[in-house]
Amino acid sequence: MKNVLFTVLSVLLFSAANAQDLPVKADVGVKIGANFTQLGGDNWVNTYQPGIHGGVILGVRKHKVGVQVEALISTAHYSTQGLFDSVKKGDFRATYFDIPVMFEYRVIGGKLLPKVWVMAGPQFSNVMSIKTLNDFAGDAKSTFKSGYFAGVVGVEIRYMKFTLGGRYVLGLTSINNENVAAAKGAWNSRTGQVYLGFRFI
């Protein structure tokens, strides 16, 4: 995981440095915000539960269109009811490495006004850790797949070097490992996000 993170960050920084010589605008920044995640399935508590996310961003755009790639660490909280015979109710804490690739279009804004961008794109999430706070006997991480794909839609308001944004992340593939007897059926995640960002260049 450390090698993957280092590779992604190196690509982001290299791309930003070279994009300055192209007829496009490139920027690098950071973001931090809150997640509200729900895990769909027969045995999961059907509420949105809080977590956090943060990381680095690279944007390349020209006029009203652009692409933004991010490398993020995020957390999610899942609560189960009766998922395992030995666990009637319990909590799982998950940490993910997320790579969203967002295609953007500016709908409002000028030189002196805040700019409003709408965006959509895919996201791949890799499991870094799964921890349980109950008496589940076994490797909790093995109950989940190592990664999953999602679709993302969102909107950002940008003014000067600051960003305020919101997104909805819908899991397109199930996150459960169906090789584990208790992890049957589809487990699909749904996440709302709000965040603040700052762009250095």
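The values are calculated or read from the model by the stated rules, or taken from the named source; none is laboratory data. In this text, all values refer to a predicted model and were calculated from it rather than measured experimentally. So basically every Cβ, Gly included, is an ideal-geometry build from the backbone, and we count neighbours across all protein chains shown.
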**OP:** Could you check how many residues of the stretch 104-118 are exposed (fewer than 12 other Cβ atoms within 10 Å of the Cβ) and in a strand (DSSP E or B)?
**Re:** 2
Subject >> Of all residues in the stretch 68-84 being modelled with pLDDT under 80 and surrounded by fewer than 18 Cβ atoms within 10 Å (Cβ to Cβ), the one that is farthest from Gly151 (Cα to Cα) >> reply: Gly82
Subject >> Sole exception among (1) in a helix (DSSP H, G or I); (2) modelled with pLDDT of 55 or more for Ser15, by number >> reply: (2)
**OP:** Considering each of Val65, Val60, Val101, Val87 in turn, give the residue that is surrounded by fewer than 21 Cβ atoms within 10 Å (Cβ to Cβ) and modelled with pLDDT of 95 or more.
**Re:** Val101
Original post:
Quick one: which of Gly166, Gly121, Gly197 is surrounded by 15 or more Cβ atoms within 10 Å (Cβ to Cβ), in contact with a Gly (Cβ under 7 Å, 6 or more places away or on another chain) and modelled with pLDDT of 95 or more?
Top reply: Gly197
Original post:
Are there any pairs with C-beta distances below 6 angstrom linking a residue in the stretch 144-171 that is under 25 Å from Ala94 (Cβ atoms) and free of Cβ contacts under 8 Å to residues at least 40 places away in the same chain to a residue that is basic (Lys, Arg) and surrounded by 14 or more Cβ atoms within 10 Å (Cβ to Cβ), with the two at least 6 apart or on different chains, and if so which?
Top reply: Leu170/Arg190
Original post:
Right, Ser129: among the polar types (S, T, N, Q), modelled with pLDDT of 80 or more, surrounded by fewer than 15 Cβ atoms within 10 Å (Cβ to Cβ) and part of a strand (DSSP E or B) or not?
Top reply: yes
